[in-house]
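The values are calculated or read from the model by the stated rules, or taken from the named source; none is laboratory data. Nothing here was measured: the structure is a model prediction, and the numbers come from that model. Ideal geometry is used to build each Cβ from the backbone, glycine not excepted, and the neighbour counts take in all protein chains shown. The accessibility values were calculated without ligands, DNA or RNA, using every heavy atom of the protein model including side chains. Shrake-Rupley method; radii C 1.70, N 1.55, O 1.52, S 1.80 Å.
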Amino acid sequence: MDDKIKSAIEVAVDGLRDEMVDTLAELVRIPSVVGNEGPAQDFMQRRYQGLGLDVKAFEADRNTVGQHSAYVESGLPFDGRPNVIGLLKGNPAQKSMILNGHVDVVSPEPVDQWRHDPWGAEIEDNRLYGRGAVDMKAGVVANLFALKALKKAGIEPGGDVMLQSVVEEEAGGGGGTLACLMAGYTADGMIITEPFMMPVISHPGILYFRVKIKGLTAHAGHAHLGVNAIGKMMKVYQAMVDLDLQRAATQKFPLYHRVEGRSCHLNIGTLKAGDWVSTVAGFAEMACRISFIPGESLLETKQSVEQVIADVARADDWLKDHLPEVEWFGWHTEPWYQDPADPFIETVIPCLEAACGQKMEVSGVTAGLDNRFSSYFGFPSICFGPAGNNYHSFDEYVELDSLVLATRAVALSTVEWCSLDK
């Protein structure tokens, strides 16, 4: 690692801090709840063009991306929701890099729980608040300014550097990162700047499922003649709680456990039943998310859930003749694990350490990431980005000092990797 280059990057990034924060504030003020990313992508396209990059914008084609085994159906139309690519051409004989981030965010509701305007980009105590501030508009801005800092410092990375601003990561990434890679926008390595100030190389497999139960409706005045689907679903609910605790105690993966204190989860996310207060509920539907660790089988994970539900039904006089229906939908991803001995990882981690001034261990997280797609296309990836808190909750924020550190780290990693020969 060249100390002169490291110092030049630090000076350039520090000199761009105010502009970086202003750009992030502008982006946070653009609502971009998943499905409505168009205006935010227009903003990013203008920023890429202003940097003099070769810019392309395209909308995913469902017929094309839907053929890939890793595709997750979001149910959202792709019209008006482009992915934006900004390419800095380099020497084709040297390594290339993707700097990837998503502009889509989850809903800020209920907004009455926020102390800060979710679209206000308010700054307090060196934190910028807003929906998407850290998950992950700060990362998108860090990628942009890493390249801007290199240009300002007069440093040529070597190989190609590609900025990718993508859509619908929060809904599975099928129309975003996967679509980009399928369209040929690949490289020799990829950094995704999700909100983890540590090198992340793994996440668990993730599955969504619904359980549907039918009861027997009756007027509330004759409720004893009906069968309430809510009560029957409560038995399945408790069985899922028990399965979650059992898996937590028996399924452990060190990279997750060290960070999260737990390796896998079965979360019950929604529960709805009945349609009238004076009628015995004739239906109930519960939707869940289950994660599973490297080494576990996707098929066996599904079978374990279905077996527990079958056991509940077998022990109930109504359910044994009116079996619960299990439907698998949405997210269906295998665990992602990037070999830490890959030359890309061994190149990037010292850069992260140098930029942040501390030693770092590879880690895993229990949320799904777009990094998983790189393995289908034969190149390595890592996740590292600005720090903050409360993503997917109220008063989400990014630590602005971490935005500077992450930008330095991305810039330094890009130079080190792209200076290597293929």
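Before moving on, here are some points about what is shown:
- Probe 1.4 Å - accessible area at F394, Å² to nearest ten: 90 Å²
- Segment 191-242, accessible area per residue, ligands and nucleic acids excluded (1.4 Å, Å²): 40 Å²
- Rolling a 1.4 Å probe across the protein heavy atoms gives segment 95-168 an accessible surface of 30 Å² per residue.
- Calculated on alpha-carbon atoms, Rg and Dmax of segment 51-146 in Å: 17.4, 54
- Grouping the Cα pair distances of the chain into 20 Å bins from zero gives a pair-distance distribution of 25, 52, 19, 3, 0 percent in increasing distance order.
- Part-to-part distance (alpha-carbon centres) for segment 128-160 and segment 377-422, which is given in Å: 8 Å
- Accessible surface of segment 263-422 [probe 1.4 Å, protein heavy atoms]: carbon and sulfur percent: 51 percent
- Taking 12 Å as the straight-line reach from the Cα of K232, the aspartates and glutamates in range (excluding those fewer than 8 positions away in the same chain) are E285, D316, D317.
- For the chain, modelled as a GNM whose springs connect Cα atoms under 10 angstrom apart, the maximal fluctuation among T407, T270, T301 occurs at T270.
- Diagonalising the gyration tensor over the Cα atoms of segment 252-331 and scaling each eigenvalue by 5 before taking the square root yields semi-axes of 31, 17, 10 Å, largest first.
- Taking 20 °C and 1.002 mPa s as conditions, segment 311-377 diffuses translationally at an estimated 130 µm²/s according to Stokes-Einstein applied to its Kirkwood radius (Cα pairs).
- Sorting D339, D395 by accessible area puts them as D339, D395; the probe is 1.4 Å, largest comes first, and only protein heavy atoms count.
- Of all DSSP beta bridges confined to the chain, the antiparallel ones make up roughly 75%.
- Local electrostatic count, F283, Cβ distance below 14 Å [Lys/Arg +1, Asp/Glu -1]: +1
- Percent carbon-and-sulfur accessible area, segment 181-262, ignoring ligands, DNA and RNA, probe 1.4 Å: 56 percent
- Helix-derived mean residue ellipticity, 222 nm - over the chain, DSSP H n ≥ 4, -39500 (n - 2.57), to 500: -10500 deg cm²/dmol
- Over every Cα atom in segment 291-422, the radius of gyration and the widest Cα-Cα span, Dmax, amount to 21.4, 69 Å.
- Which listed pairs, of K212/K302; K214/K320; K4/K137; K56/K89; K4/K152, have C-alpha distances above 18 Å, in listed order: K4/K137
- Basic side chains Lys and Arg get +1 at the Cβ, acidic Asp and Glu get -1 at the Cβ, and with that the dipole of the chain about its Cα centre reaches some 380 debye.
- Summed side-chain charge close to D370 - residues other than D370 whose Cβ falls under 12 Å, Lys, Arg +1, Asp, Glu -1: -4
- Across segment 162-216, the fraction of Cα-Cα pairs farther apart than 14 Å, rounded to a whole number, is 69%.
- For segment 348-359, backbone phi angles converted through the Karplus equation (6.51, -1.76, 1.60; θ = phi - 60°) give residue-by-residue couplings of 6, 4, x, 5, 4, 5, 5, 5, 9, x, 7, 6 Hz, Gly and Pro being listed as x.
- Heavy-atom surface of segment 1-75, accessible at 1.4 Å and reported per residue (Å²): 51 Å²
- Relative contact order of segment 1-138, defined on C-alpha pairs under 8 angstrom at six or more residues apart (%): 29 percent
- Heavy-atom accessible area ranking, 1.4 Å probe, most first, across K212, K4: K4, K212
- Within the accessible area of segment 1-127 (1.4 Å probe), percent carbon and sulfur: 47 percent
- Counted charge near E361, where neighbours are those whose Cβ lies closer than 15 Å (Asp, Glu -1; Lys, Arg +1): -1
- Relative contact order for the chain: 25 percent, from Cα pairs under 8 Å spaced at least 6 residues apart, divided by residue count.
- Rounded if a/c under 1.5, otherwise prolate or oblate - segment 90-192, Cα gyration tensor axes: oblate
- Nearest-10 value in Å² for the accessible area of I230, using the 1.4 Å probe: 80 Å²
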